[in-house]
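Trainee: Once you've had a glance at the structure underneath, I'll fire off some questions.
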Amino acid sequence: MVNPRTIKMGKPHTSWRTAGFSRQACREAISKVRLLTDAMLLGEKLNKMFGQGPKCQCTYPVENRFHVLLDCPLYEDIREFCISRMVHLLTVQHPKIKEIDVRQRKPLLYLLLDPTWFRKDIGCMGHEIPNILSEVDADILEGYSRKFCYQLYRRRWQILEENESGSETEDEDEDVFSLHDTTEDSSTIEDSSDSDA
């Protein structure tokens, strides 16, 4: 799912280039890259490596990145919040793009994993993805994508911890689960309404 046209010797991928230098920004980038490269240890991968059951915590038969990113009901609130922000940016900046077109599975998956597929200069044709974004717009979407992937990772970790202990655990870092969390470093672009909070 990585856009091959963004991979150049000596140049970091957009996920790293647009991340800040704080610990929080690094955590977000690591989570994002693990999902982007299919290196996150989800049920399907754990089953192949260690013989553990591939079942998702929501009881879906196979937990893989496509299920987690697009379908799993355990992350519905996080997903909808992030997608609505990303789709809003696309449709406002490019009125010819219809929300229904962006919310189809394939474009949505590419948007969530690597928004550079939508860029005018390096986007690839033939993927049902319009090449409409400037580099700046793609970088803003990358920031949303990074935060989304990190929140998925943290929510999944919390669910696994609760299931392992058999009871709900107190999370010391409750802000991580806030959809309106603005604890990112100042180099990340946020909505003006978020930065005023």
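The values are calculated or read from the model by the stated rules, or taken from the named source; none is laboratory data. Quick caveat, the model's predicted, so the values are computed rather than measured. Cβ sites come from the backbone with ideal geometry, for glycine too, and all protein chains shown count toward neighbours. Only protein heavy atoms, including side chains, enter the accessible area calculation; ligands, DNA and RNA are left aside. Shrake-Rupley method; radii C 1.70, N 1.55, O 1.52, S 1.80 Å.
Trainee: Any idea which of Leu111, Ile129, Phe50 is furthest toward the positive side of the dipole for segment 43-162, if Lys and Arg beta-carbons carry +1 and Asp and Glu beta-carbons -1?
Mentor: In segment 43-162, that residue is Phe50.
Trainee: How large is the charge dipole for segment 69-120, taken about the Cα centre, if only the Cβ atoms of Lys, Arg (+1) and Asp, Glu (-1) carry charge, to the nearest 20 debye?
Mentor: 360 debye
Trainee: Further, regarding this structure: Using only Cα atoms, what is the ratio of the radius of gyration of segment 46-87 to 2.2 N^0.38 Å?
Mentor: With N residues counted in segment 46-87, Rg over 2.2 N^0.38 Å equals 1.37.
Trainee: Please compare each pair in Lys120/Lys147; Lys48/Lys147; Lys32/Lys98; Lys11/Lys48; Lys11/Lys98 to a cut-off of 30 Å on the Cα-Cα distance and tell me which ones are over it.
Mentor: Exceeds cut-off: Lys11/Lys48; Lys11/Lys98.
Trainee: Take Arg23, Arg79 and sort them by solvent-accessible surface of the protein heavy atoms, 1.4 Å probe, largest at the top.
Mentor: Arg23, Arg79
Trainee: Still on this structure: Take the alpha-carbon centre of segment 72-121, take the same for segment 1-55, and report the distance between them in whole Å.
Mentor: Taking the Cα centre of each part, segment 72-121 and segment 1-55 sit 19 Å apart.
Trainee: Also, I was wondering about something else. For Cα pairs less than 8 Å apart in space and 6+ apart in sequence, what is the mean separation divided by the residue count of segment 62-173, i.e. the relative contact order in percent?
Mentor: 22 percent
Trainee: Please give the charge dipole size of segment 1-111, origin at the Cα centre, charges +1 on K and R Cβ atoms and -1 on D and E Cβ atoms. Round to the nearest 20 debye.
Mentor: The dipole magnitude comes to about 560 debye.
Trainee: Pop the C-beta distance of Ile159 and Trp16 into the FRET formula with R0 = 22 Å and round what comes out to the nearest 0.05.
Mentor: E(calc), rounded to 0.05, equals 0.20.
Trainee: With a/c under 1.5 counting as rounded, go ahead and sort segment 1-56 into rounded, prolate or oblate using the C-alpha gyration tensor (a ≥ b ≥ c being the square roots of the eigenvalues; past the cut-off, prolate if a/b is larger than b/c, else oblate).
Mentor: Oblate, because a/c is 1.5 or more while a/b does not exceed b/c.
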